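> Please see the structure below; I have some questions.
Coordinate-derived values only; no laboratory data. Note that the coordinates shown come from a computational prediction; the quantities given were computed from them, not determined experimentally. Heads up, the Cβs are rebuilt from the backbone with ideal geometry, glycines too, and the neighbour counts pull from every protein chain shown.
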């Protein structure tokens with residue numbers, strides 16, 4: 001991307017680097033992808049190191065009972081590898097595999113306007129939360145919202161989530177303004 005006004009590509013977090021494992025610079029890898037091993041398919045993962053984005057290349061990986069350990073090219077010493085602990089691993093959104101029609105990634109919902117079937121605008125999606133039972137939209141008030149309340153709306157297709165229009169940036173929910181007061 002150039003700096004000449006082109007739209008900057010969105011980075012999507014796919015995982016986080018855990019603690020050092022062993023004496024050769026291996027690190028635990030916490031994958032946030034639905035199929036945890038899918039993170040290993042990306043040849044270029046980015047991490048923000050010293051306030052700049054740098055490419056991290058997985059040179060080797062091993063599956064453990066709980067998760068993975070990985071070795072990043074150039075990080076052969078545990079003291080050097082330790083500097084990566086806690087960093088989030090990202091890719092550019094356009095590098096994600098395509099989805100079937102009607103499907104979308106969570107990051108695509110962020111920033112979308114949320115309104116109910118009466119047309120009352122609640123605000124915009126800040127993030128999605130995994131709760132175990134079902135995912136939840138965290139909706140923050142916006143200039144066009146009916147009030148200044150932050151709302152947590154369960155992401156339950158058909159019963160609560162009535163329509164998601166990615167092209168228009170709008171989500172319609174079966175939710176009343178006074179729910180959970």
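> Of the listed values [x] 0.97; [y] 1.08; [z] 1.05, grab the one calculated as Rg/Rh (Cα atoms, Kirkwood Rh) from the structure here.
[z]
> So how do 125, 12 line up by other beta-carbon neighbours within 10 Å, fewest first? Each step should come with its number before you reach the end.
Values: 125 22, 12 18.
Going from sparsest to densest Cβ surroundings: 12, 125.
> So what is the calculated 222 nm ellipticity per residue for the chain, using -39500 (n - 2.57) for each DSSP H run with n of 4 or more, over all residues, to the nearest 500 deg cm²/dmol? Please list the in-between numbers first.
Details: 2 runs with 8 residues, N = 181.
Rounded to the nearest 500, it is -500 deg cm²/dmol.
> Measure off 7 Å from each Cα along the Cα-to-Cβ vector at residue 152 and residue 59, then give the distance between these two points in nanometres to one decimal.
Those two pseudo-labels are separated by 4.4 nm.
> Shifting gears a bit: Specify whether the C-alpha gyration tensor of region 11-95 places it in the rounded, prolate or oblate class, a ≥ b ≥ c being the square roots of the eigenvalues: rounded for a/c under 1.5, otherwise prolate if a/b is larger than b/c and oblate if not.
Numbers: a/c = 1.78, a/b = 1.15, b/c = 1.55.
Taking the square roots of the gyration eigenvalues as a ≥ b ≥ c, region 11-95 is oblate.
> With a point put 7 Å past each Cα toward its Cβ, work out how far residue 127 is from residue 82 in nm, to one decimal.
2.8 nm
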